[in-house]
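The next block holds one structure in the form of structure tokens; read it before the comments.
The values are calculated or read from the model by the stated rules, or taken from the named source; none is laboratory data. Model, not experiment: these values are computed from the prediction. Cβ: placed from backbone, ideal geometry, glycine included. Neighbour counts: every protein chain shown.
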């Protein structure tokens, strides 16, 4: 199959205008509007992190599927194959593949994204999610722990780590991670933000534990019987002086 050159790829990106409009599906990858920086001089530029042989083979195979006819997907594959894609671009393409039902293929791309930008917590968080979806619980745990190492306040990392522990029947560790997640972001217990909570039985125990810690050792509200003291009334207004009675002649 005929492959595009990097110059042809950039031309395709500019002509097609591959920018997501407001009505575009959320799971479709988009190409940033800003053009890629030109190559630096060899004396000052660091060597590009090229995709390894396995990832290169995955790209070749993907070109033979229906993705090979999608302009956006082709543009991504051209950039990645040439070693010119940014870590966020590779991350978005991996997420697109995972949502298309190809988590094992997506895994190689997400691992490449982490190599490009190893200090980014979001890349590690997504790597853990894809590893879990691909069936690697141990790999997911490692990735979520790395996310927490880079960003200790990442509530999603704690929640996702708890979910993996939960699936592995390590309930004590799961509940502890759920607790940390809800302390960091109580909205994670809201199904509108986190639909997973609908099927999470252990989350109720965590919410009750947090409530008990906040309400006191009894875990039940205590009612006050005395009414608040009334505010002291102000001084009564002085009565007006009586009018003088006229004397009789």
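With the requirement that a residue be more than 21 Å from residue 54 (Cα to Cα) and either in contact (Cβ under 8 Å) with a residue 40 or more places away in the chain or part of a helix (DSSP H, G or I) (or both), what does the stretch 112-128 give you?
Residues satisfying the conditions are 121, 122, 125.
Within the stretch 84-94, work out how many residues are under 24 Å from residue 125 (Cβ atoms) and surrounded by fewer than 20 Cβ atoms within 10 Å (Cβ to Cβ).
Within the stretch 84-94, residues that are under 24 Å from residue 125 (Cβ atoms) and surrounded by fewer than 20 Cβ atoms within 10 Å (Cβ to Cβ) number 3.
Could you grab me the full set of residues in the stretch 125-162 that are under 11 Å from the mean Cα position of the chain (by Cα) and under 11 Å from residue 107 (Cβ atoms)?
Passing the criteria: 126, 129.
State all residues of the stretch 130-144 that are in contact with a helix residue (DSSP H, G or I) (Cβ under 7 Å, 6 or more places away or on another chain) and surrounded by fewer than 20 Cβ atoms within 10 Å (Cβ to Cβ); if no residue qualifies, say none.
Once the filter is applied, which keeps residues that are in contact with a helix residue (DSSP H, G or I) (Cβ under 7 Å, 6 or more places away or on another chain) and surrounded by fewer than 20 Cβ atoms within 10 Å (Cβ to Cβ), the stretch 130-144 yields 133, 134, 137, 139.
Is there a residue being at pLDDT 85 or above, assigned to a helix (DSSP H, G or I) and more than 26 Å from residue 123 (Cβ to Cβ) anywhere in the stretch 142-153?
Checked against the condition, which is being at pLDDT 85 or above, assigned to a helix (DSSP H, G or I) and more than 26 Å from residue 123 (Cβ to Cβ), the stretch 142-153 yields no hits at all.
Against the definition (crowded, with 18+ Cβ neighbours inside 10 Å, touching a helix residue (DSSP H, G or I) at 6+ places or on another chain (Cβ under 6 Å) and assigned by TED's automatic domain parsing to the domain that holds residue 95), how does residue 174 come out, yes or no?
no
Take the stretch 44-60 and flag every residue that is touching a helix residue (DSSP H, G or I) at 6+ places or on another chain (Cβ under 8 Å) and in a helix (DSSP H, G or I). Walk me through it before giving the result.
At the first step, the residues of the stretch 44-60 found to be touching a helix residue (DSSP H, G or I) at 6+ places or on another chain (Cβ under 8 Å) are 49, 51-52, 54-56, 58-59.
Scanning the stretch 44-60 gives 54, 55, 56, 58, 59.
Which numbered condition trips up residue 101, out of (1) at negative phi; (2) modelled with pLDDT of 50 or more?
If we test residue 101 against (1) at negative phi; (2) modelled with pLDDT of 50 or more, just (1) comes out false.
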